[in-house]
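Trainee: Take a look at the following structure, please.
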Amino acid sequence: MSRNYRLLVKNAKQVVLICNNGEKYLSKHGMQNLCVIENGSVVIGSDGLIKAVGPAETIRAQYSEASFDRVIDATGMCVLPGLVDAHTHPVWAGDRVHEFAMKLAGATYMEVHQAGGGIHFTVQHTRAAAASDLLTSLSNRLVRMQRAGTTLVECKSGYGLELQTELKMLQVIEEARRSLPINISSTYCGAHAVPKGKTVAEATQDILQVQLPRLKQLMSAGTLRVDNIDVFCEHGVFDLDSTRSILQAGKDMGLNINFHGDELHPMSAAQLGAELGASAISHLEEVSDEGIAAMAEAKTAAVLLPTTAYILRLPQPRARDMLDAGVIVALGSDFNPNAYCCSMPIVMHLACVNMRMSMPEALAAATINAAFALGCSQTHGSLEVDKHGDLLILNAPRWEHLIYQLGGHQEIIRYVVIKGNVIHDNGKTMDL
Ligand SMILES: N=CN[C@@H](CCC(=O)O)C(=O)O
Ligand SMILES: [Zn+2]
């Protein structure tokens, strides 16, 4: 083969493919048995897609005549797919460090919310912020996520709660999509809270009659791309009926349903999501057995968020019950002003220790299954031919070090690659 390619990563101690049969997701046993090649190489073409992945000897023989824009000798290192963060709220102004202190002193999430803090505090600051400032802070946060190994991230609006600010947030996400290498799946979350001065019914009508129609116009004109629709389905926020009507209207516009459910109270949100054909439901700390069975049957992914349960001292999501029932379990950082965590390696660590997932389960949940939750697993989430050349190269002899070394990802991740381009080079060598 005498062609030119963008990148060769050669002689890695381990190449973790995750899967190699075009699986759209993994569940149960598939998550326990990840596909790993010992002493492997990866070739990424000039279109940014994976051309070959396999034993180093085989790739060397097949590509002996080829030229590469860049070659990385990964001897002693491990290669993994880029991580996928399936749930974030990264566009906002005004931090909530003062509320962290209140919660440490005993206030619950809903007590802070009902006292006008929480989402309402962030809404006030985000409405007042210039789009350019929101873009700067969003870009800084996304770069931080990239350095922690995230190459595909879901980004929500939801701190406007009225047309103008929701659109401002979605346009800022669109601008970040154009200017940064990280892949973005964007989510309209106008039903993140009931705005002050409105009832649930009034807020629902505003979404159905004002916000969604305008969104539809902009999407049809090609000026805005939105992938998913979200609602915070919770007591004191959006009830099951209003959630149903908003999600159905979004689905009718072609958006994937991907919403917050069964977080603080059992709401039968899992059953509703399964009935509506939701791609994913997040949180699920309070999901019932019936909800778990419905999600397994409908192939609706469960996006579990270990940082939220940890920070709010909630009961842990029932990851083991979901895995045993065959639910497609994914992970997200839930980055937001309440849970300030940009690191999927930390999220995987928390999932293992607090939710009792194994390390292979956590990695599958943070790659192929998170990509499935975003409708992107045909192109992302595993190292397979024709998928995007998005990968991490770890300065570690086994891939599990990424999870094992709590908070150590900054040192362990040597390179982050998106579509064959090195977008982060840690540049350091270290002894393990
Ligand atoms: N639960 C609702 N939404 C976010 C929190 C957003 C906020 O507190 O600003 C979550 O997923 O944890
Ligand atoms: Zn959330």
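The values are calculated or read from the model by the stated rules, or taken from the named source; none is laboratory data. As the structure is a computational prediction, the values presented were derived from the model and not from experiment. All Cβ positions, glycine included, derive from the backbone under ideal geometry; neighbour counts span all protein chains shown. Note: areas computed on protein heavy atoms with side chains; ligands, DNA, RNA excluded. Shrake-Rupley method; radii C 1.70, N 1.55, O 1.52, S 1.80 Å.
Trainee: Across the stretch 131-145, what is the number of residues that are open to solvent by 10 Å² or more (accessible area, probe 1.4 Å) and touching a residue at least 40 places away in the same chain (Cβ under 8 Å)?
Mentor: Of all residues in the stretch 131-145, those open to solvent by 10 Å² or more (accessible area, probe 1.4 Å) come to 131-133, 135-137, 139-141, 143-144.
Among the residues that remain, those that are also touching a residue at least 40 places away in the same chain (Cβ under 8 Å) are: 131, 133, 135, 137, 139, 141, 144.
Of the residues in that region, 7 qualify.
Trainee: Go through (1) without any contact (Cβ under 8 Å) to a residue 60 or more places away in the chain; (2) surrounded by fewer than 22 Cβ atoms within 10 Å (Cβ to Cβ); (3) under 16 Å from the mean Cα position of the chain (by Cα) one by one and return the number of the condition Ala325 breaks.
Mentor: (3)
Trainee: Can I ask one more? Counting only residues that are farther than 16 Å from Ser377 by Cβ and out of contact with any helix residue (DSSP H, G or I) (no Cβ under 7 Å at 6 or more places or on another chain), which one in the stretch 293-308 is modelled with the highest pLDDT?
Mentor: Leu305
Trainee: Please state which of the following conditions Ala370 fails to meet, knowing it meets all the rest: (1) open to solvent by less than 10 Å² (accessible area, probe 1.4 Å); (2) away from ligand 2 (no atom under 16 Å from the Cβ).
Mentor: It fails just one condition, (2).
Trainee: Which residues, taken from the stretch 309-322, are among the basic types (Lys, Arg) and either surrounded by 17 or more Cβ atoms within 10 Å (Cβ to Cβ) or touching a helix residue (DSSP H, G or I) at 6+ places or on another chain (Cβ under 7 Å) (or both)?
Mentor: Selection gives Arg318 alone.
Trainee: Next question, about the same structure. Quick check, is Val97 within 12 Å of ligand 1 (Cβ to nearest atom) and either closer than 30 Å to Gln209 by Cβ or open to solvent by 20 Å² or more (accessible area, probe 1.4 Å) (or both)?
Mentor: no
Trainee: Is there a residue being in contact with a strand residue (DSSP E or B) (Cβ under 7 Å, 6 or more places away or on another chain) and in contact (Cβ under 8 Å) with a residue 12 or more places away in the chain anywhere in the stretch 313-320? Before you say what the answer is, go through the steps one by one.
Mentor: At the first step, the residues of the stretch 313-320 found to be in contact with a strand residue (DSSP E or B) (Cβ under 7 Å, 6 or more places away or on another chain) are 317, 319.
Checking which are in contact (Cβ under 8 Å) with a residue 12 or more places away in the chain leaves us with 317, 319.
Scanning the stretch 313-320, I find at least one residue that is in contact with a strand residue (DSSP E or B) (Cβ under 7 Å, 6 or more places away or on another chain) and in contact (Cβ under 8 Å) with a residue 12 or more places away in the chain, so the answer is yes.
Trainee: Still on this model: Does the stretch 133-146 contain at least one residue that is in contact with a Ser or Thr (Cβ under 9 Å, 6 or more places away or on another chain) and outside any helix (DSSP H, G or I)?
Mentor: no
Trainee: With Ile59, Ile50 as the choices, which residue is assigned to a helix (DSSP H, G or I) and more than 16 Å from ligand 1 (Cβ to nearest atom)?
Mentor: Result of the check over Ile59, Ile50: Ile59.
To keep it simple, each residue is scored yes or no on (1) among the small types (Gly, Ala, Ser); (2) under 21 Å from Gly118 (Cα atoms).
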{"position": "Phe259", "(1), (2)": "no, yes"}
{"position": "Asp262", "(1), (2)": "no, yes"}
{"position": "Ala270", "(1), (2)": "yes, no"}
{"position": "Ala274", "(1), (2)": "yes, no"}
{"position": "Ser279", "(1), (2)": "yes, no"}
{"position": "Ser288", "(1), (2)": "yes, no"}
{"position": "Thr307", "(1), (2)": "no, yes"}
{"position": "Leu314", "(1), (2)": "no, yes"}
{"position": "Arg320", "(1), (2)": "no, no"}
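Trainee: Still on this structure, I have one more. Restricting attention to the stretch 159-184, and to residues there that are of a type in the set (Asp, Glu) and open to solvent by 40 Å² or more (accessible area, probe 1.4 Å), which single residue is farthest from ligand 2 (Cβ to nearest atom)? Lay out the reasoning, then the answer.
Mentor: First, the residues of the stretch 159-184 that are of a type in the set (Asp, Glu): 162, 166, 174-175.
With the extra rule that they be open to solvent by 40 Å² or more (accessible area, probe 1.4 Å), the set shrinks to 162, 175.
Values: Glu162: 19, Glu175: 22 Å.
Per the stated criteria, the residue is Glu175.
Trainee: In addition: May I ask you to list the residues in the stretch 62-91 that are charged (D, E, K, R) and either assigned to a strand (DSSP E or B) or closer than 30 Å to Phe232 by Cβ (or both)?
Mentor: Asp69, Arg70, Asp73, Asp85
Trainee: Could you check, for the stretch 147-158, whether at least one of its residues is modelled with pLDDT of 95 or more and open to solvent by 10 Å² or more (accessible area, probe 1.4 Å)?
Mentor: yes
Trainee: Continuing with the same structure: State yes or no: is Ala278 farther than 19 Å from Ala371 by Cα, in the same structural domain as Ala115 (by the TED database) and among the small types (Gly, Ala, Ser)?
Mentor: So Ala278 does not fit the description; no.
Trainee: Among the residues of the stretch 108-119 satisfying the criterion of being more than 9 Å from ligand 1 (Cβ to nearest atom) and in a helix (DSSP H, G or I), which is most open to solvent (accessible area, probe 1.4 Å)?
Mentor: Out of the qualifying residues, it is Gln114.
Trainee: State yes or no: is Gly389 in contact (Cβ under 8 Å) with a residue 60 or more places away in the chain and surrounded by 19 or more Cβ atoms within 10 Å (Cβ to Cβ)?
Mentor: Judged against the criteria, Gly389 is a match.
Trainee: What number goes with the only condition from (1) under 18 Å from Leu406 (Cβ atoms); (2) within 15 Å of ligand 1 (Cβ to nearest atom); (3) surrounded by 20 or more Cβ atoms within 10 Å (Cβ to Cβ); (4) among the hydroxyl-bearing types (Ser, Thr, Tyr) that Ser343 does not pass?
Mentor: Only one criterion is unmet by Ser343, namely (2).
Trainee: To continue, here is another question. From the list Val43, Val36, which residue is assigned to a strand (DSSP E or B), over 30 Å from Ala280 (Cα atoms) and touching a residue at least 12 places away in the same chain (Cβ under 8 Å)?
Mentor: Unique residue meeting the criteria: Val43.
Trainee: Would you point out which residue out of Tyr63, Tyr25 is within 23 Å of the chain's Cα centre (by Cα) and hydroxyl-bearing (Ser, Thr, Tyr)? Let's see the steps before the verdict.
Mentor: Details: Tyr63 fails: within 23 Å of the chain's Cα centre (by Cα).
Just a single option satisfies the conditions, and that option is Tyr25.
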